[in-house]
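Worksheet: one structure, shown below.
The values are calculated or read from the model by the stated rules, or taken from the named source; none is laboratory data. Not measured: the values here are computed from a predicted model. Cβ sites come from the backbone with ideal geometry, for glycine too, and all protein chains shown count toward neighbours.
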Amino acid sequence: MSFDLVVRNARIVDGTGAPWFKGDVGTNGSKISFVGKLPENVQAGEIIDATGKVLCPGFIDIHTHSDFLLLRDPLILSKLRQGVTTQGIGQCGLSPAPISAEKIELLDQYLGFIKAGAKPDWNWNSFADWLNALEGLDLGTNIAAFVGHGTVRIAVMGFEGRIATEEEIKKMRYLVESSVEEGAFGLSSGLIYPPGVYSSLDEIAQVCVGLKNKNGLYESHMRNESNDVVSGVMETVSIAENTGIPVQVSHHKALGKDNWGLVKDTLNEIDKARDRGVDITANQYPYTSCSTTLRAILPPWVQEGGVDKVVDRLKDMSIRKQITEEINSASSWENMLRHAGGCEGTRILYSPYTPEYEGMTLVEIGECMGKDPLEAAFDVIVANRGADNAAYDAISEDDVKFVIKHPAVMVASDSIPPAEGAKTHPRTCGTNPRVLGKYVREEKTLTLEDAVWKMSGFPAWRLGLQTKGIIKEGMDADLVIFDPDSVKDMATFENPNHEPVGIDHVFVNGVKMIKNGKHTGKTAGKVLRKR
Ligand SMILES: [Zn+2]
């Protein structure tokens, strides 16, 4: 027996949730070729003694917004350093394809806040074109791409703020069907963002039918994650129930102090649905602040018609006054400022045209400008033409723990990558080590085996990746070796790009990508396609 790599004496957590066992793993090429106990004199290109360390499958971060970052920095070291070996992209309704030439400008604006400083040449139309473009890059991790409902809606009907016609729904469904045929793993939606916000339940359900042939997954950033989060979950359940499509609730939480604790009701609904045989799951990031655009503070009608219209409205002082009144009054829409407890709990993470405000709360920015904080926020939106990103302190720690423990919930970062040098939410660089450090070792919210399952075997199964997520002979050699006693996230709002500690070695398709926390110079990621 000879191997390219042997990892010896590891505590093997195999990704299934089963108890760890001590053993050796051998790999040849891109595959795991042995799991068990090897003789002392085994022949191998490299032998790593992992005594005291955990060996587990590479983490699968099913929900990221790395789409455009891949174009600027295909390696994405911030993921590899966390032990992530596969990323899901195209989430929350936002995917770079499919798109026709005449709609590129609209789509480019729609995707502004995930552009990460990339300057795409847009030389793709179909989903297959997009995957081929990714394939030409020197990828660090594997990629599993979703097609976005917002993107598909823009392709068919632009930014129109109305219900889709039967004919338009048919076109959208066709685009989803062909995207999945070409390799997309599912459909994502972002039902708080225009144009997703204008869609009816019937539209979403009918468009989801395009996933049927290949059993694609529907991932939803629900219509409401606050006052009406329970009905948001019921709507998502009904889509799964009425279409037979597997469904996943994205970044599950209840936003706003008034709504803390509602996750008990939502997960109860998910349990009841699962008991009826409805295939619904959820994912979550392990933080108490959420992140999205700053213009998410605006009422939906202000966001209608695309970024140019938003800017025009905010430049009109009488409309500004009306917007301010609506934001400050009790409202039925997803009022992000209210959920964050006001301007104090709202922080600009990324604003390329006003970088001096990055990392500051709206109150601090108001002080700098000598203005009311909300006026200051409007100015920042106008100056950045919507290409911004903000964080909102709107989630309770008790809820984070309650959700992460639920058996139908997996871990995903929902990372929004920054432009070069800009700040971002710490979840981008900290999610996986935070689960292992804070929620496994320090607070014992999860067992080690459960946490690893939620970050490897579970998302692999959800994506239908039959050769990933589990340590077993014949599986892909996507592997992580970490120190269970020291693993820890180091990313904070002040220093969001700080790399974690305790993640020693990371292998992608059998290739060593990270050695003692440092990049080896290799690239081994592959573009995966739904089978
Ligand atoms: Zn989202």
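Name the residue that is nearest to the ligand (Cβ to nearest atom), counting only residues in the stretch 290-318 that are of a type in the set (A, V, I, L, M), in contact (Cβ under 8 Å) with a residue 12 or more places away in the chain and out of contact with any Gly (no Cβ under 7 Å at 6 or more places or on another chain).
The selected residue is Ala296.
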Practice prompt. From (1) outside the structural domain of Val152 (by TED's automatic domain parsing); (2) surrounded by fewer than 24 Cβ atoms within 10 Å (Cβ to Cβ); (3) of a type outside the set (D, E, K, R), pick out the condition that doesn't hold for Ser100.
Written response: (1)
Worksheet item: If you check Leu131, Leu175, Leu139, which single one turns out to be under 25 Å from Phe59 (Cα atoms), in contact with a strand residue (DSSP E or B) (Cβ under 8 Å, 6 or more places away or on another chain) and not in a loop (DSSP other than H, G, I, E, B)?
Response: Leu131
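So if I check each of Asp312, Asp265, which one is out of contact with any helix residue (DSSP H, G or I) (no Cβ under 6 Å at 6 or more places or on another chain) and in a helix (DSSP H, G or I)?
Going through Asp312, Asp265 in turn, the sole match is Asp312.
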Practice prompt. Would you tally the residues in the stretch 207-244 being surrounded by fewer than 18 Cβ atoms within 10 Å (Cβ to Cβ) and either among the aromatic types (Phe, Trp, Tyr) or under 24 Å from Leu107 (Cα atoms) (or both)?
Written response: 1
Worksheet, complete the sentence: In the stretch 332-357, residues that are in a strand (DSSP E or B), farther than 18 Å from Leu255 by Cβ and modelled with pLDDT of 90 or more total 1
Worksheet item: Gln82: under 28 Å from Pro500 (Cβ atoms), touching a His at 6+ places or on another chain (Cβ under 7 Å) and in a loop (DSSP other than H, G, I, E, B), yes or no?
Response: no
Worksheet item: Does Gly210 count as within 16 Å of the ligand (Cβ to nearest atom) and assigned to a helix (DSSP H, G or I)?
Response: no
Response to the item:
If we keep only residues of the stretch 174-194 that are under 16 Å from Ala164 (Cα atoms) and away from the ligand (no atom under 15 Å from the Cβ), then the residue surrounded by the most Cβ atoms within 10 Å (Cβ to Cβ) is Val176
Worksheet, complete the sentence: Condition set among the basic types (Lys, Arg) and over 23 Å from the mean Cα position of the chain (by Cα), scope the stretch 273-312, selection farthest from Ala330 (Cα to Cα): answer is Arg276
Worksheet item: Which one of these is without any contact (Cβ under 8 Å) to a residue 40 or more places away in the chain, away from the ligand (no atom under 16 Å from the Cβ) and not in a helix (DSSP H, G or I): Lys444, Lys472?
Response: Lys444
Discussion item. Could you go through the stretch 65-77 and let me know if any residue there is hydroxyl-bearing (Ser, Thr, Tyr) and in a strand (DSSP E or B).
Written reply: no
Item to complete: Taking only the stretch 229-262 into account, find how many residues are assigned to a loop (DSSP other than H, G, I, E, B) and free of Cβ contacts under 8 Å to residues at least 12 places away in the same chain.
Response: 0
Fill in: So Ser329, is it at pLDDT 95 or above, more than 30 Å from Val247 (Cα to Cα) and outside the structural domain of Glu105 (by TED's automatic domain parsing)
no
Worksheet item: Can you tell me which residues in the stretch 243-272 are farther than 20 Å from Arg462 by Cβ and within 16 Å of the ligand (Cβ to nearest atom)?
Response: Ala254, Leu255
Response to the item:
Log entry, pairs with first residue in the stretch 374-397 being closer than 18 Å to Glu364 by Cα, second being part of a helix (DSSP H, G or I) and of a type outside the set (A, V, I, L, M), beta carbons closer than 6 Å, six or more apart or on different chains, reads Leu374/Thr324; Ala376/Gly366; Ile381/Arg295; Asn389/Phe113; Asp393/Gly345
Discussion item. Take Phe21 and tell me if it is surrounded by fewer than 20 Cβ atoms within 10 Å (Cβ to Cβ), modelled with pLDDT of 95 or more and aromatic (Phe, Trp, Tyr).
Written reply: yes
